Amino acid sequence: MDFYMQHDCPESQRVFAILNFYQISFKKNDTPVYLQHIQQKYRDKIPKDKWPMLIAKINFEDEKILVGAEAIEKYLYDNFFISVAFHQTFSAAAKQGVELAENQVNKTLEYLFLNPRLTFQNGFRNDPTTFRLGARKPILHRVLGIAFKRIGSQMVKNTFKLFKHRKEYSNSRKELLEAMEEWKVRIGDKTFHGGDKPDEADFSMYGVLKAKYNSSSFQRFIEDQFPLAVYRWFLRMQTACRYEENRLMVAVDSSTQGQRPTPA
């Protein structure tokens, strides 16, 4: 399966984390030239700039093109890539946690990232391997051109928004830390918000934060300013949702699905 995602899209990051948590075999594609190519190839079948997207083919079936988090998750359940969805608790606590992540934290981060410096950092990925395509310079230049065009456009838009939302921008840092204090209380002494395993709220909050994590300044902000309990939770989510490019599908017992294999 091929998974296409925008690295600054919370829904993309959330589904990406779920795929990794359940150890599903897939190839990640988030380099700008790949995203541009796939949108051109399937322009009659998919909405423009709609992410994430999954292209799957099982045995001799026709190729399936799934766009959007809801469609992708349904496909994974219906085709038993996820036989037991541990993270789907449907609890009131999980619903409240999702609302905190998607409504409050995500909105606050949007205001905080009106800062042109943060916009540039998050748009231009800090990991140099992201733009390495076999060290072929013509392709690299094309990728950088696409990235800078997108970043430049976003920076111009954010500059205008910054003047319009000066008050919200000024309060965004304080409000984000207040939300993280609330998240700390919700986690309590548990490993995850959902207990021993992540629930819907864990994946929603992780997706929202990861969508801004390419900014080196935001990375330091998480490390230095977030409550220690929240930072440790974030590290646990990173470990539980680590991407492995050459992962193979294996039979996973339903009682242990979602847990990483114990090293020999």
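The values are calculated or read from the model by the stated rules, or taken from the named source; none is laboratory data. Just so we're clear, the structure is a prediction, and the values are computed from it rather than from any experiment. Reconstructed Cβ throughout: ideal geometry from the backbone, glycine too, with neighbour counts over all protein chains shown. Just so you know, the surface numbers come from the protein's heavy atoms only, side chains and all, with ligands and any DNA or RNA stripped out. Shrake-Rupley method; radii C 1.70, N 1.55, O 1.52, S 1.80 Å.
Residue-level analysis places K27 among those that are under 22 Å from M237 (Cα atoms) and open to solvent by 30 Å² or more (accessible area, probe 1.4 Å). For the range 91-101, state whether one or more residues are in contact (Cβ under 8 Å) with a residue 40 or more places away in the chain, within 18 Å of the chain's Cα centre (by Cα) and open to solvent by 50 Å² or more (accessible area, probe 1.4 Å). Scanning the range 91-101, I find no residue that is in contact (Cβ under 8 Å) with a residue 40 or more places away in the chain, within 18 Å of the chain's Cα centre (by Cα) and open to solvent by 50 Å² or more (accessible area, probe 1.4 Å), so the answer is no. The residues on offer are I46, I58, and the sole one that is more than 20 Å from K212 (Cβ to Cβ), modelled with pLDDT under 95 and crowded, with 17+ Cβ neighbours inside 10 Å is I46. When the residues of the range 30-43 are filtered to those that are over 21 Å from G123 (Cβ atoms) and assigned to a loop (DSSP other than H, G, I, E, B), which remaining residue is most open to solvent (accessible area, probe 1.4 Å)? My answer is R43.
For residues that are among the basic types (K, R) and either modelled with pLDDT under 95 or closer than 30 Å to F163 by Cβ (or both), tally how many sit in the range 75-120.
So the answer is 2.
For E61, are the conditions met, namely being over 14 Å from Y4 (Cβ atoms) and part of a helix (DSSP H, G or I)? Spelling it out, it is not the case that E61 is over 14 Å from Y4 (Cβ atoms) and part of a helix (DSSP H, G or I). Every listed requirement among (1) modelled with pLDDT of 90 or more; (2) more than 18 Å from the chain's Cα centre (by Cα) is met by R150 save one, (1).
Does F21 satisfy the condition of being in contact (Cβ under 8 Å) with a residue 60 or more places away in the chain, in contact with a strand residue (DSSP E or B) (Cβ under 8 Å, 6 or more places away or on another chain), closer than 22 Å to G207 by Cα and open to solvent by less than 50 Å² (accessible area, probe 1.4 Å)? For F21, the condition - in contact (Cβ under 8 Å) with a residue 60 or more places away in the chain, in contact with a strand residue (DSSP E or B) (Cβ under 8 Å, 6 or more places away or on another chain), closer than 22 Å to G207 by Cα and open to solvent by less than 50 Å² (accessible area, probe 1.4 Å) - is not met. Condition check: touching a His at 6+ places or on another chain (Cβ under 6 Å), surrounded by 13 or more Cβ atoms within 10 Å (Cβ to Cβ) and either under 19 Å from Q23 (Cα atoms) or without any contact (Cβ under 8 Å) to a residue 60 or more places away in the chain (or both). Does P227 satisfy that? Answer is no for this residue. For E168, the conditions (1) under 20 Å from Y22 (Cβ atoms); (2) open to solvent by 40 Å² or more (accessible area, probe 1.4 Å); (3) in contact with a Phe, Trp or Tyr (Cβ under 7 Å, 6 or more places away or on another chain) all hold with the exception of (1).
Can you pull out every residue in the range 49-70 that is under 16 Å from the mean Cα position of the chain (by Cα) and over 13 Å from I18 (Cβ atoms)?
As a first pass, look at the range 49-70 and keep what is under 16 Å from the mean Cα position of the chain (by Cα): 49-54, 67-70.
Correct list: D49, K50, W51, M53, V67, G68.
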